[in-house]
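Visitor: Supplied in structure tokens, the structure appears directly below.
Taken together, the values in this text are just the output of simple stated rules run on the coordinates, not laboratory data. All values reported here derive from a predicted model rather than from experimental measurement. In this analysis, Cβ positions are derived from the backbone assuming ideal geometry, glycine residues included, and neighbour counts consider all displayed protein chains.
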Amino acid sequence: MKSKTSLFNKTIFRKDITRFWPLWALQLVAGLLVLIAPMMSELSYMSSIHAGTDEKMSFMVTLIKNSCLSPYTMSAGIVVAVCVFLYLTRERDAYTIHSFPFTRTTLFVSHYLAGLAILLVPPVIIELLLALIAQFHGLNVIFVVMIYLLEWLIQTFFFYSLACAVVMLTGNPFMSLVIYAVLNFLAAGVHMLYSSLAELFVYGNQVGSYGYMNGETVKVLTPVYNFLRNICNNNPAVYRILQDDTRVINYKEMLQLVGSTAYYILPAILFVVAALMLYRARKLESAGDMVAFNWGRPVFRVVFVFCTSLLFALAVYELCFGTTISSYAYGRIFRIILVLVGVGTVLFYLLSNMILDKTFFIWRKTSYWRMALFAVLMMLGLVGVRDGQIGTKIPARNNITEVDVRIQFGDEDYFYQKAFLSLKDAKGIDEIYKQNKAILKYGRNLDNNSDDETRDTIEITYHFKGGKRKCIYPVESGEAVVNKLEKYLENRDDMCEMIYGEKYKEHIQRKMYVEERYTDPIEIDEEGNEEEPWGSGVLHCWSWDKSNKKQQEIRDALYEAVCKDIEAGRCDTLHMKSVNCFYVGVVNQDNDTEQVVQITEKCSETLKVLEKLGHVNYYEGQWEMSSGVVGGEGIDK
């Protein structure tokens with residue numbers, strides 16, 4: 001008769017604790033070798049060189065903080081979960097355990113708590129040993145240990161609960177390990193596959209230096225990375241200074257750091273509840289099956305086929321076609337990827353059936369119409385990605401707050417900037433948005449198979465609340481876009497307002513600075529083509545800010561002169577002139593945003609003010625700076 005009066009059984013708990021003593025021993029030995037021994041050695045060395053208490057305390061806090069490594073807690077969680085519920089993968093053991101007079105809830109809770117104790121007690125022992133040894137060296141780190149034990153508890157509770165839920169889904173220990181690993185990296189993996197493939201055939205979807213782990217959603221859905229980033233990238237100061245200049249250990253920031261990932265407790269609780277419900281619902285005869293529930297088979301198949309077919313297409317393309325097809329042959333690349341994804345879907349659909357049924361002979365059991373439908377849907381999804389209907393389209397216009405445009409020449413190894421424009425006003429953003437749509441129409445038909453990887457690129461960065469998105473468009477020539485931008489700017493009668501904002505007449509500057517820039521002469525290569533000069537940079541820099549009231553007159557005069565030159569159309573707002581020049585920067589009163597204008601030989605009003613300041617001289621019809629002639633090239637020797 002089943003017991004219905006208790007959710008917990010001490011005998012089962014004690015049996016698991018004693019049966020899996022090697023798990024305790026391994027964790028204790030690892031802690032002694034990785035934490036205790038290095039700590040004792042370092043503290044002894046510090047004592048021998050008479051290091052100060054502050055230095056020792058900094059070392060101890062860093063050591064304790066870095067002991068909470070999420071890759072370790074993630075790995076330990078699944079190992080312990082598989083061990084304590086191992087009987088579910090063996091039919092004979094499963095029937096034997098469930099013949100005892102315990103409810104399934106009692107069995108689950110007892111095994112779950114035993115595994116949690118196995119995971120938590122060794123770290124507690126190790127951390128307390130750290131605190132005890134530190135105390136012998138005159139360091140009180142007990143509260144630091146308690147704070148980071150809380151971090152360890154959060155990580156362990158989350159990963160172990162997830163591991164238990166995964167174990168309930170399968171009847172095979174190896175499959176538990178695979179599914180657990182996939183779930184922990186699924187968001188980052190899918191994002192990487194999607195981005196890598198889209199970068200090959202979607203015009204303007206080159207992610208560049210933004211990386212695959214960027215994006216808060218991807219980070220949160222990849223907890224092992226998020227925990228690790230939170231611990232390793234954030235280093236709160238060991239001490240903080242109070243109002244009376246007293247120094248105290250910075251427990252507040254440490255606790256805030258730990259609390260920043262406390263939201264993982266909620267999904268951990270949900271995983272425990274889900275694991276319990278799955279345990280109560282699973283059939284004993286599912287022991288040994290790859291997936292313990294019938295509804296789990298199509299879920300496994302969809303995730304497996306989706307990920308592996310994309311990985312297959314990416315790997316085959318890079319190995320067989322990556323070095324033979326121009327990266328600008330978007331149409332050809334797309335057709336190849338489309339075929340590879342279709343073939344991969346069929347292959348891995350069949351392989352998924354072999355894995356689930358644990359046999360090669362699945363031909364009669366396979367639903368070929370479902371397989372064909374899956375392949376068609378995968379290929380339609382790729383078409384949607386290419387056409388901007390899924391994930392790769394430019395942001396919605398009403399979300400954009402600022403846009404940057406760069407026109408560059410070169411390839412991925414070397415490029416130089418031809419023009420740059422930053423716009424925050426609605427009219428300017430509308431214009432760039434319209435030109436971007438025109439560029440997309442051109443690019444989707446681009447199928448250039450030339451070996452020459454050198455061409456202009458148009459880089460458009462959209463800023464919106466919560467982030468930004470960069471699109472890079474390779475084109476045969478950026479001059480057409482530059483001409484459109486120049487024509488658009490010439491037709492605007494509010495250039496100062498566009499650059500400095502609506503209140504530009506109110507002397508918005510909080511700080512102004514001037515950079516004297518030089519550029520070496522353009523050289524001609526053997527084929528008669530111009531090469532961008534390598535030697536260029538800032539030679540001098542002067543600044544005037546509001547901290548010095550005497551400089552207010554200088555800032556006002558310089559600002560008014562720059563505005564006059566902008567309104568007269570004498571300033572190069574696209575920063576296209578690769579010559580000796582001045583850059584005048586204005587930092588706003590209200591915030592730290594700044595706008596920079598290039599000053600060449602045409603900007604007479606600004607140059608007159610700079611002449612009064614002694615930074616330039618007018619001689620024989622030319623403006624001369626310390627590096628040479630304004631508007632010329634090269635430094636005068």
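Visitor: Please report the net charge: other residues with Cβ closer than 9 Å to the Cβ of K564, K and R +1, D and E -1.
Guide: In short, -3.
Visitor: Collect residues whose amide H, placed 1.01 Å from N in the peptide plane, falls under 5 Å from the amide H of K511; neighbours closer than 5 in sequence don't count.
Guide: Excluding prolines and chain starts, which carry no amide H, the hits are V587.
Visitor: Give me the net charge for the shell around N230: Cβ to Cβ below 13 angstrom, other residues only, Lys and Arg +1, Asp and Glu -1.
Guide: 0
Visitor: Indicate the gyration tensor shape class of segment 10-293 (rounded, prolate or oblate), computed on the Cα atoms with a ≥ b ≥ c the square roots of the eigenvalues: a/c under 1.5 is rounded; otherwise a/b larger than b/c is prolate and the rest oblate.
Guide: Taking the square roots of the gyration eigenvalues as a ≥ b ≥ c, segment 10-293 is oblate.
Visitor: Taking amide H atoms as placed 1.01 Å from N in the peptide plane, list the residues 5 or more away in sequence, or in a different chain, whose amide H sits under 5 Å from that of I599.
Guide: F582, Y583, V584
Visitor: Residue by residue through segment 52-65, which ³J(HN,Hα) values in whole Hz follow from phi under the Karplus form 6.51 cos²θ - 1.76 cosθ + 1.60 (θ = phi - 60°), with glycine and proline marked x?
Guide: x, 4, 4, 5, 5, 5, 4, 4, 5, 4, 5, 4, 5, 4
Visitor: Would you mind checking the tilt of helix 173-201 against the longest principal axis of the Cα atoms of the chain, expressed as 0 to 90 degrees and rounded to 10?
Guide: So the inclination is approximately 20 degrees.
Visitor: Working from Cα positions, state the angle (0 to 90°, nearest 10) between the long axis of helix 552-567 and the longest principal axis of the chain.
Guide: Computed tilt is about 80 degrees.
Visitor: Here is a further query. Report the label-to-label distance for I554 and A396 in nanometres (one decimal), using points 7 Å from each Cα along the Cα→Cβ vector.
Guide: So the label points at I554 and A396 sit 4.9 nm apart.
Visitor: Could you work out how much longer the chain between M146 and L380 gets when fully extended? Use 0.36 nm per residue separation minus the Cα distance between them, nm to one decimal.
Guide: Working it through step by step, the gained length comes to 78.9 nm.
Visitor: Still on this model: Out of (1) 108, 74, 46; (2) 91, 72, 50; (3) 72, 65, 50, which label holds the value of Cα extents along the principal axes in Å that was computed here?
Guide: So the structure-derived entry is (1).
Visitor: Pull up all non-local amide H partners of G204: gap of 5 or more, or a different chain, and H-to-H distance under 5 Å with H placed in the peptide plane.
Guide: Counting only residues 5 or more places away or on other chains, the set is I472.
Visitor: Now for a different question. What's the FRET efficiency of V29 with T461 using the Cβ-Cβ distance as r and R₀ = 56 Å, to the nearest 0.05?
Guide: It comes to 0.65.
Visitor: Let me know the longest stretch in the chain that avoids all chymotrypsin sites (Phe, Trp or Tyr not before Pro) found in a DSSP loop with at most 15 other C-beta atoms within 10 Å.
Guide: 9-211
Visitor: How much net charge surrounds R301 when only other residues with a Cβ under 15 Å from its Cβ are counted (Lys, Arg +1; Asp, Glu -1)?
Guide: It works out to a net charge of +2.
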